[in-house]
Number of protein chains: 2
Amino acid sequence: MADGASDHTQSRVTIRTVATDAGVSVAAVSKVMRNAYGVSDALRQKVEASIEKLGYRPSVAARGMRGRTFTLGVLLVGIDNPFLPGIYQGIESVTEAAGYKIMVCVGAARAQTEAQLIEQMIDNRMDGLILVASQIAGDTLEHYARQIPIVVVGHHETSAVGYDTINNDDQRGAARVVQAFVDQGYRDIAFLTQFEPDDHPADVSPQRELGYLDAMRAAGLADHIRILRLPQSNAPREQDFHQLLTSPDRPRAVFCWSDLDAIPLLGAAFRLGIRVPQDLAIVGYDNSPVAALPMVALSSVDQDGPHLGRLSAEALFSRMNGRKVAEHIQIEPRLIKRGSL
Amino acid sequence: MADGASDHTQSRVTIRTVATDAGVSVAAVSKVMRNAYGVSDALRQKVEASIEKLGYRPSVAARGMRGRTFTLGVLLVGIDNPFLPGIYQGIESVTEAAGYKIMVCVGAARAQTEAQLIEQMIDNRMDGLILVASQIAGDTLEHYARQIPIVVVGHHETSAVGYDTINNDDQRGAARVVQAFVDQGYRDIAFLTQFEPDDHPADVSPQRELGYLDAMRAAGLADHIRILRLPQSNAPREQDFHQLLTSPDRPRAVFCWSDLDAIPLLGAAFRLGIRVPQDLAIVGYDNSPVAALPMVALSSVDQDGPHLGRLSAEALFSRMNGRKVAEHIQIEPRLIKRGSL
DNA sequence: TGATTTACGTAGAACGGTGCACGAAACGGG
DNA sequence: CCCGTTTCGTGCACCGTTCTACGTAAATCA
């Protein structure tokens, strides 16, 4: 445990330093910084000159104690999820234009860790929070939402009252996949997931499962419904896939809840010499960059991450500006067809 | 631009609330929190009971004004670089054990943006900084290092005095690749990069270039030295690759500065029907997860990101504990051979 | 037992900002 | 020319912690 402190005593330039240098009061400098009402041009220029000269930057921490930090917190599920960069980029484009900064916390897809990270961001006095694919339960979120404006992306809490949700329509996306399979003449279509729908019904995977079930029934394929539920894990699951693919009743087509599993599955098939799509058709979800590689050529549902990101940042701003009634937006997913289907 | 503030006036539980509730002074509560000297068991228990009851969490921002925040800042080049998750995980493993939190800023591989982000983290009163693959010039870093303890990963500033650097030995890694090519009988070995060595000689790519040059000369292949320098860009570069691969003097073997370019190059080759490795051998750097997919099977140099991460966090802690003399650590890279070579 | 430590708890001044309340000019209308 | 408005700048009380300095009571020693 680290305990001592080094002497990085570069005696920081504070608002007082600037005030002294410019020969005005501290309050005057503060006013200039916040461009508040009641500042003459002469004053403004004096102060700005001193700020420039001294290289003054206000302390976000200190500012946060009374005012706002102009910083938004973004909680990401993990750092290696291909679905995140697009969303992040969308968020950033909006926040940057608004002059807000972003601080990121990286979760571990465990609800308790994520709650800690949310608290950390609150304790760091962020002005608002965007939670991406968080697994936290709805009532916990309502609790935090009373303390800070929150927008959730990738989590379907449509009855949430204290915060907004932004999603692609996962049920519709799943339906699109089933439809595409059916159009190609497939009937034996399985759904692969690693989540129990009862645990976190608001998560994306159960939503996709629901969409799959409905679409299969609507297509008259209720008898062919088949859910392959892997044990939940972050570890590579080559064994599971190997077993699945070599089993005598291997499905003809598999819809994977995410590219995260679809791509390794494709890899396992490749290794076993199973031809895709002749012997096995696969479709994933999230349209990660890897899916687009020609040697992968995985069909996948695109969520338009940047759009989701932009919408969530905009929703957060409007909420920070006083909107009280919750918004629940869903955008249209799009199936990108490649060689695997 | 957002300007109003909502009424998230959940009147936060502060140290004063706790003090009143427990019937002690504010200072006493503070002492318990920091488990400082001079607290009786009775006092501690009273206070802890109140903390528990009220769900008190200290404000990091306020704490940062006088003491330490127990939070480290991590600056990442971008969010979609496959080389980052491993490093991040390594950092996290040691910071978590030490009871420190992490806040992340995501750069854009532009020096100016990154400088702003560093300032942002300083302004947010982080206790120390880990910069991953930052492109900031050495003297700028020295400047910031006077204000806050800094460790740099993935940037070879071996003469740095005010901060530490942790790297894999990129020159050696490159040499390993050349050696492996030579061992297989290749002579026409090109190096593919998108960076000018003069711009940022401390970056990893110029280091790998240097290692390539030395190794080629050492192997008596000075005449076969060939640097393919793409225009620097984040955009997909299918055209560049297409042109390179269809050119009459296409090299027999290509060592890519990073999997970031090696994988798309492999994709372009696949699309053109160029057999790998029969017609074209490719080796990358960073050993990203995608490289391990059987249909990709890209040979690549592994840096052991988690190890780099752990070392950097440890270096940061030791620096925060008062070490003044800079440390410059290099670990051994390892070539992972797969089908592409 | 009296003198000295030692242990414990508290007051209060920082830290670096914000923003309200106030006063002093400058302005303008009758 | 007087008085009510604006306009501009300042003083100061916060915000939620840390931490030094200090007072008091208990424990230790001679």
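The values are calculated or read from the model by the stated rules, or taken from the named source; none is laboratory data. All values derive from a computational prediction rather than experimental measurement. All Cβ positions, even for glycine, are placed from backbone atoms using ideal geometry, and neighbour counts span all protein chains on display. The protein model used for the area step is the full one, side chains on, heavy atoms only, and it has no ligands, DNA or RNA in it. Shrake-Rupley method; radii C 1.70, N 1.55, O 1.52, S 1.80 Å.
Quick notes on this one:
- Counting only DSSP beta bridges with both residues in the protein assembly as shown, the antiparallel share comes to about 10 percent.
- Dipole of chain A computed with +1 at Lys/Arg Cβ and -1 at Asp/Glu Cβ about the Cα centre; of A:I148, A:V254, A:V182, farthest Cα towards the positive end is A:I148.
- Placing A:T71, B:T140 in order of accessible area, with the largest value first and a 1.4 Å probe, yields B:T140, A:T71.
- Counting DSSP beta bridges with both ends in the stretch A:170-302, the antiparallel % (nearest 5): 0
- Chain B packed on chain A takes about 5800 Å² of accessible surface away from a 1.4 Å probe, both sides summed.
- In the full protein context, the stretch A:204-320 carries 40 Å² of accessible surface per residue, based on a 1.4 Å probe and ignoring ligands, DNA and RNA.
- Accessible surface comparison of A:K53, B:K324, probe 1.4 Å, protein chains only, largest first: the order is A:K53, B:K324.
- Net charge in the neighbourhood of B:K337 (other residues with Cβ under 14 Å of its Cβ; Lys, Arg +1, Asp, Glu -1) is +1.
- Surface accessible to a 1.4 Å probe, B:V276 within the full protein complex, Å²: 50
- Taking θ as phi - 60° and the Karplus parameters 6.51, -1.76 and 1.60, the scalar couplings of the stretch B:244-257 work out to 4, 7, 9, 5, x, 9, 4, x, 7, 9, 10, 9, 8, 4 Hz in sequence order, x denoting glycine and proline.
- Among the listed pairs B:K31/B:K101; A:K324/B:K46; A:K31/B:K31; A:K53/A:K101; B:K31/B:K53, those with a Cα-Cα distance over 28 Å are A:K324/B:K46; A:K31/B:K31.
- Copy-to-copy label separations for B:S233, where each label sits 7 Å from Cα toward Cβ, in nm and ascending: 4.2
- Exam field: A:R217 pseudo-label spacings to other copies (7 Å along Cα-Cβ), nanometres: 7.3
- Top positive-direction residue, dipole computed over the protein assembly as shown with Cβ charges, set A:G64, A:Q116, A:Y163: A:G64
- About its Cα centre, the dipole of the stretch B:186-336 is roughly 200 debye, where the only charges are +1 on Lys and Arg Cβ and -1 on Asp and Glu Cβ.
- For the stretch B:17-118, chymotrypsin sites (Phe, Trp or Tyr not before Pro) meeting the loop criterion (DSSP other than H, G, I, E, B) and having at most 13 other Cβ atoms within 10 Å: B:Y37.
- Cα Rg over Rh - chain A, Kirkwood: 1.11
- Accessible surface calculations at 1.4 Å, restricted to protein heavy atoms, place the stretch B:141-188 at 35 Å² per residue.
- Spatially, the stretch A:203-218 and the stretch B:298-341 are offset by 44 Å when compared through their Cα centroids.
- Taking the label point 7 Å along Cα→Cβ, A:Q179 and its counterparts in the other copies are spaced 5.8 nm apart, in ascending order.
- Debye, to nearest 20: dipole size of the stretch A:148-248, +1 on Lys, Arg Cβ, -1 on Asp, Glu Cβ: 300
- Structural descriptor for chain A: relative contact order 18 percent, calculated from alpha carbon pairs under 8 angstrom and at least 6 residues apart.
- Between helix B:259-272 and chain B: long-axis angle, C-alpha atoms, 0 to 90°, nearest 10: 40
- Overall, the accessible surface of chain B at a probe of 1.4 angstrom is composed of carbon and sulfur to the extent of 50 percent.
- With Cα atoms, 0 to 90° folded angle of helix A:305-320 axis to chain A main axis: 40
- When A:E332, A:E238 are compared by accessible area at a 1.4 angstrom probe, the order from most to least is A:E238, A:E332.
- Dipole-positive endmost among B:C105, B:G309, B:G23 within chain B (Cβ charges, Cα centre): B:G23
- Largest-first ellipsoid semi-axes for the protein assembly as shown, taking √(5λ) over the Cα gyration tensor eigenvalues, angstrom: 44, 35, 23
- Hull shadow area, averaged, the stretch B:170-302 [alpha-carbon convex hull, nm²]: 7.7
- Among the residues of A:73-79, the average count of other protein chain beta-carbon atoms within 10 Å of the residue beta-carbon is 3.
- Taking a Cβ cut-off of under 11 Å around B:D188, the surrounding Lys, Arg, Asp and Glu residues balance to a net charge of +2, with basic ones at +1 and acidic ones at -1.
- Restriction of the chymotrypsin sites (Phe, Trp or Tyr not before Pro) in the stretch B:165-227 to DSSP coil positions whose beta-carbon has at most 16 other beta-carbons within 10 angstrom yields no sites.
- Helix-only CD estimate at 222 nm, as mean residue ellipticity for the protein assembly as shown, using -39500 (n - 2.57) per DSSP H run (n ≥ 4): -12500 deg cm²/dmol
- In a reduced charge model with +1 at each Lys and Arg Cβ and -1 at each Asp and Glu Cβ, the protein assembly as shown shows a dipole moment near 1280 debye about its Cα centre.
- Antiparallel DSSP beta bridges within chain B, percent to nearest 5: 10
- Pair-distance profile P(r), taking every C-alpha pair of the stretch B:15-58, with 10 angstrom steps and integer %: 34, 62, 4
- Spatially, the stretch B:227-257 and the stretch B:129-190 are offset by 24 Å when compared through their Cα centroids.
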